Amino acid sequence: MDKKLVGRFGEQAAAEYLKKKHYKIIGLNYSCRFGEIDLIAQNKKYIVFAEVKLRKSDAFAEAKEFVTASKQEKIIKTASLWLSQNETELQPRFDVIEIYAAEGAASKSIIINHIENAFQ
């Protein structure tokens, strides 16, 4: 299956999860010269910049381990640009949403692990 389609499946699953947790989704796949942010959401207190990581399992490593220091730096720079263009009173926060789907986009059952304030 196309890697982009599988990625979109994960991002959509993460967006649905956040909506159930009373977040409002305000952006998907925001990109600029610094990088890309998978999901931008907000609740009453935070503007959340979320990196979504989809894996079949955590047998090799947990999904969050693939959000390297370099990737974090790109996300922070990208979020800074977004914040400079979109005024908000909300506190920014960087989350990682791990999604485990044994059969990728064809999975009937998935496990979601939402790591709030995963990095700063």
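The values are calculated or read from the model by the stated rules, or taken from the named source; none is laboratory data. This one's a predicted model, so the numbers in the text were calculated from it and none came from an experiment. Don't worry about glycine lacking a Cβ; one is built from the backbone with ideal geometry, like all the others, and counts go over all protein chains shown.
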Cβ pairs under 6 Å, 6+ apart or interchain, first in the stretch 13-26 and under 16 Å from residue 51 (Cα atoms), second in a helix (DSSP H, G or I) and not charged (D, E, K, R), ordered by first then second residue, are 25/15
How many residues does the stretch 45-82 contain that are in a helix (DSSP H, G or I), hydrophobic (A, V, I, L, M, F, W, C) and modelled with pLDDT under 90?
2
For residue 109, state whether it is assigned to a loop (DSSP other than H, G, I, E, B), of a type in the set (Ser, Thr, Tyr) and surrounded by fewer than 16 Cβ atoms within 10 Å (Cβ to Cβ).
yes
Could you tell me whether the stretch 23-41 includes any residue that is at pLDDT 90 or above, in a helix (DSSP H, G or I) and either touching a strand residue (DSSP E or B) at 6+ places or on another chain (Cβ under 8 Å) or not small (Gly, Ala, Ser) (or both)?
no
So which residues in the stretch 60-103 are more than 14 Å from residue 39 (Cα to Cα) and among the hydroxyl-bearing types (Ser, Thr, Tyr), if there are any at all?
68, 70, 80, 84, 88, 100
Complete set of residues in the stretch 19-49 that are surrounded by 12 or more Cβ atoms within 10 Å (Cβ to Cβ) and among the small types (Gly, Ala, Ser)
27, 35, 41
Output for the stretch 83-103, where each listed residue is surrounded by 13 or more Cβ atoms within 10 Å (Cβ to Cβ) and modelled with pLDDT of 95 or more
83, 90, 92, 93, 94, 95, 96, 97
